[in-house]
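Some notes on the structure that comes next.
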Amino acid sequence: MDTSIQELPFDPTALKGLSEKLLSSHHKNNYGGAVKRLNAIRAQLAGLGFASVPGFQLNGLKREELIATNSMLLHELYFASLVGHPLPMVPAMDLALSASFGSVGRWREEFVAMGKALAGGSGWVLLTFLPREGMLVNQWAADHTHALAGGIPILALDMYEHSYHMDFGAAAGAYVDAFMENIDWAKVYERYQTAVEQHSEALGASPGDIAGATLLDVRRAGMFEQADALVEGARWRDPKDVGSWGAELPPGSDVVVYCVYGHEVGRATAMRLRAAGVNASFLRGGFDAWKAEGRPLQSKGGHA
């Protein structure tokens, strides 16, 4: 059964600095062409006798299948990364970028520079979640074939000439700037949440599992400032700085972290610590569930 072309997920007249003509052409001709090409390649592969087909023919078709598949998927992510009148980045997304890059500004500087470095060339710039390390990285990709093994792209910038030439000519840098003004951060954050939660489920701990472990409160700074209590025996550590304080924890030590609800903040922090050799888990339900169950708390003023 053939795969189908997805509709544009936004109104192409609503984006700032990117014309309807450019976006519609990009979607119809480049993305739509990749989908049609993939269907044609799969039809040819379905009719092959693999035991007798020459190796060069099979290799060629499988290479083209890879290129067409990734072109389809990355184009879908590219269009899903854009929206007219984007909402501001939520604090939790700011935290995720800051924990991985030092600050949102530092992430943006690198991402934009990578896009502009591809001007006159071809390729993609991808913001990718790396489950092994629980962190986000900016990834360079070319030919629709380069992928970070195990990585999950959550934001895609297309730097092939077809994505900008109709509006910008050779001024690819201006196109990158326009792209940055139209990022749908709400959807990027949803993809980040999903990626973290899918790859961290096995690291969950219940209240009965924390005996003997170092207990760390990793609610983001803004939330912790508003709080008046911690889980009994816990110390607060800023999840934005996990790369610094995490290095001070003894390798192999047992650590349980918790955030407000047991979602991506605590989960990603546990994944970062695991990558550093710490036996880290996240507390299911976070502080909210602990408090709701009437479990022991301590005053915030008493933490170290």
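The values are calculated or read from the model by the stated rules, or taken from the named source; none is laboratory data. Everything numeric in this text was worked out from a predicted model, so none of it was measured. When we count neighbours, we look across all protein chains shown, and the Cβ atoms used for this are built from the backbone with ideal geometry, even at glycine. These accessible areas exclude ligands, DNA and RNA; they are computed on the full protein's heavy atoms, side chains included. Shrake-Rupley method; radii C 1.70, N 1.55, O 1.52, S 1.80 Å.
Residues of the stretch 211-234 that are β-branched (Val, Ile, Thr) and open to solvent by 30 Å² or more (accessible area, probe 1.4 Å): THR214 alone. The set of residues in the stretch 59-87 being farther than 28 Å from ASP11 by Cα and either among the hydroxyl-bearing types (Ser, Thr, Tyr) or open to solvent by 50 Å² or more (accessible area, probe 1.4 Å) (or both) consists of ASN59, LYS62, ARG63, GLU64, LEU66.
ALA186 falls short of the stated requirement of being part of a helix (DSSP H, G or I) and either without any contact (Cβ under 8 Å) to a residue 40 or more places away in the chain or charged (D, E, K, R) (or both).
Based on what the data block shows, is VAL176 crowded, with 17+ Cβ neighbours inside 10 Å and either modelled with pLDDT of 95 or more or outside any strand (DSSP E or B) (or both)? Taking the combined requirement at face value, the residue satisfies it.
Yes/no matrix, rows are residues, columns are (1) open to solvent by less than 60 Å² (accessible area, probe 1.4 Å); (2) part of a strand (DSSP E or B); (3) in contact with a Leu (Cβ under 9 Å, 6 or more places away or on another chain):
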| site | (1), (2), (3) |
| --- | --- |
| ALA113 | yes, no, no |
| LYS116 | no, no, no |
| THR128 | yes, yes, yes |
| LEU148 | no, no, yes |
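Screening LEU48 with (1) more than 26 Å from the chain's Cα centre (by Cα); (2) assigned to a helix (DSSP H, G or I); (3) free of Cβ contacts under 8 Å to residues at least 40 places away in the same chain gives one miss only, at (2). Among the criteria (1) open to solvent by less than 30 Å² (accessible area, probe 1.4 Å); (2) within 29 Å of LYS21 (Cα to Cα), the one GLY134 does not fulfil is (2). I'd like to check something: does the stretch 189-209 contain any residue that is aliphatic (A, V, I, L, M), assigned to a helix (DSSP H, G or I) and open to solvent by less than 20 Å² (accessible area, probe 1.4 Å)? Scanning the stretch 189-209, I find at least one residue that is aliphatic (A, V, I, L, M), assigned to a helix (DSSP H, G or I) and open to solvent by less than 20 Å² (accessible area, probe 1.4 Å), so the answer is yes. Here MET93 meets each of (1) open to solvent by 40 Å² or more (accessible area, probe 1.4 Å); (2) under 30 Å from PHE224 (Cβ atoms); (3) part of a helix (DSSP H, G or I) with one exception, condition (1).
Take the residues of the stretch 51-78 that are over 23 Å from the mean Cα position of the chain (by Cα) and polar (S, T, N, Q): which is farthest from GLU7 (Cα to Cα)?
SER52
The set of residues in the stretch 72-122 being over 20 Å from VAL242 (Cβ atoms) and of a type in the set (Lys, Arg) consists of ARG108, LYS116. Evaluate the following for PHE56: is it open to solvent by less than 40 Å² (accessible area, probe 1.4 Å) and among the aromatic types (Phe, Trp, Tyr)? No. Where helices (runs of 4 or more DSSP H) fall wholly inside the stretch 235-304, the ranges with 1 or more residues that are open to solvent by 30 Å² or more (accessible area, probe 1.4 Å) and acidic (Asp, Glu) are 286-292. The set of residues in the stretch 150-173 that are open to solvent by 50 Å² or more (accessible area, probe 1.4 Å), out of contact with any helix residue (DSSP H, G or I) (no Cβ under 7 Å at 6 or more places or on another chain) and of a type outside the set (A, V, I, L, M) comprises GLY150, GLU161, HIS165. Listed by first and then second residue, the pairs linking a residue in the stretch 1-25 that is closer than 18 Å to TRP185 by Cα and in a loop (DSSP other than H, G, I, E, B) to a residue that is open to solvent by 30 Å² or more (accessible area, probe 1.4 Å) and of a type outside the set (A, V, I, L, M), with Cβ atoms under 7 Å apart and 6 or more places separating them unless they lie on different chains, are PRO12/GLU20; PRO12/SER24; ALA14/HIS85; LYS16/GLU181; GLY17/GLU181; LEU18/ASP167.
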